[in-house]
Structures are given as structure tokens and as C-alpha cells.
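See structure below.
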Amino acid sequence: MMDYKELIEASFEAQKNSYAPYSKFNVGASVLTKQGKIYAGANIENASYPAGICAERVAMSKAISEGEKEFVAICISCSGDTYPYPCGVCRQFMSEFSKDLDVIVAKSKDEFKIFKLTELLPHSFDGDCL
Ligand code: THU
């Protein structure tokens, strides 16, 4: 198993910039690219609730818009005492880029679980379906 210590720490660090005045549920996410670079993001809510965006899509969009397309892992952390499983929209968003992605859900820096994205989103809809 890869050592994801730095990636997990980046996710907790990103959580500090969460803008979640409505749910008060702060989420941080960090993605590791195949080149070994880390991009991180947090959830950003909006008074018009559906306009908000999850931390995973912020982190990945930051990386993609910098030219990254290949990812090894994503770590998600949150302010609640729970494993922050990614929502369905984020699972679909992530699967566009890396089917083999390791998804780390971290309750704390030492308490985390690792899944393959294909476990969380089996039989996904993708470009081959079109
Ligand atoms: N949230 C995320 O950032 N990632 C997820 O996968 C689940 C939910 C955010 C969205 C919203 O700001 C807050 O958590 C409560 O749903």
C-alpha cells in the first residue's frame, strides 16, 4: 500500500478553507496526480443551495484546469466524526478521469479507509456508453 500521509494531511489542511455557513459541515479533499503533485480544495456553499460545490470537485477541478488528467488517489476529510464518503455526483465526476483511483475517507489523520473508486461506483456510465 502506498504511503498517503502527506495526501491525508493536505486534505485536513484544505478543510480549514471550507465555506459552509449553511450546513456547517466542513469538507476537505486532496488529489494526488500520477506525477506526484497534490492539489487540494474545500466545499463551497451558496445561499442558493444547489449552486454549492463539493470539496472533491473543487480539488479535482483545480488540478484539471492546471493540465492534470491522471490521478492516483483522492483523500476526503470532514469536520464530523464520520467517514466522509463522496456523494454520487462526485463519484461520477472522479470516474471520468481515473477509474483505478484510490479513494481515502479519513475520519482523522490516523483513522482512514481506502477503497477503489470502482467499488464505490460499479458499472459506471462513461464515454464508451455514448
Ligand atoms: N460535501 C462535500 O464536500 N463532499 C461530499 O462528497 C459530500 C458533501 C459537502 C457539500 C455541502 O457543502 C456539505 O458537504 C453538506 O452536504
Task: Selection from segment 65-79 of residues that are crowded, with 21+ Cβ neighbours inside 10 Å and more than 14 Å from F25 (Cα to Cα) - done: F71, A73, I74, C75
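May I ask you to verify whether A73 is away from the ligand (no atom under 15 Å from the Cβ) and within 9 Å of the chain's Cα centre (by Cα)?
Judged against the criteria, A73 is a match.
Filter segment 31-62 for residues that are outside any strand (DSSP E or B) and more than 16 Å from the ligand (Cβ to nearest atom) and give the result. Write out each step before concluding.
Here is the first cut: in segment 31-62, the residues outside any strand (DSSP E or B) are 34-37, 43, 45-52, 54-62.
Hits for segment 31-62 are K34, Q35, G36, K37.
Residue by residue through segment 22-55, note down the ones that are under 16 Å from G80 (Cβ atoms) and surrounded by fewer than 11 Cβ atoms within 10 Å (Cβ to Cβ). Don't jump to the end; show me each part of the working.
If we filter segment 22-55 for residues that are under 16 Å from G80 (Cβ atoms), which is where we start, we get 22-29, 42-43, 45, 54-55.
Matches in segment 22-55: K24 only.
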Open item on the list: Can you say whether K99 is of a type in the set (D, E, K, R), part of a helix (DSSP H, G or I) and surrounded by fewer than 20 Cβ atoms within 10 Å (Cβ to Cβ), as far as the supplied structure shows?
Closed with: no
- [ ] Kindly check whether there is at least one residue in segment 65-77 that is polar (S, T, N, Q), under 16 Å from A40 (Cβ atoms), assigned to a loop (DSSP other than H, G, I, E, B) and out of contact with any helix residue (DSSP H, G or I) (no Cβ under 9 Å at 6 or more places or on another chain).
- [x] yes
TODO: Kindly list, by first and then second residue, each pair from a residue in segment 45-70 that is farther than 16 Å from K99 by Cα to a residue that is among the acidic types (D, E) and at pLDDT 95 or above, limited to pairs with Cβ atoms under 7 Å and residues at least 6 apart or on different chains.
DONE: G52/E45
TODO: Tell me which residues, restricted to segment 80-92, are surrounded by fewer than 17 Cβ atoms within 10 Å (Cβ to Cβ) and in a helix (DSSP H, G or I).
DONE: G88, V89, Q92
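The values are calculated or read from the model by the stated rules, or taken from the named source; none is laboratory data. Computed from a prediction, not measured in an experiment: that's the story for all the values here. Glycine also receives a Cβ, built like all others from the backbone with ideal geometry; neighbour counts cover every protein chain displayed.
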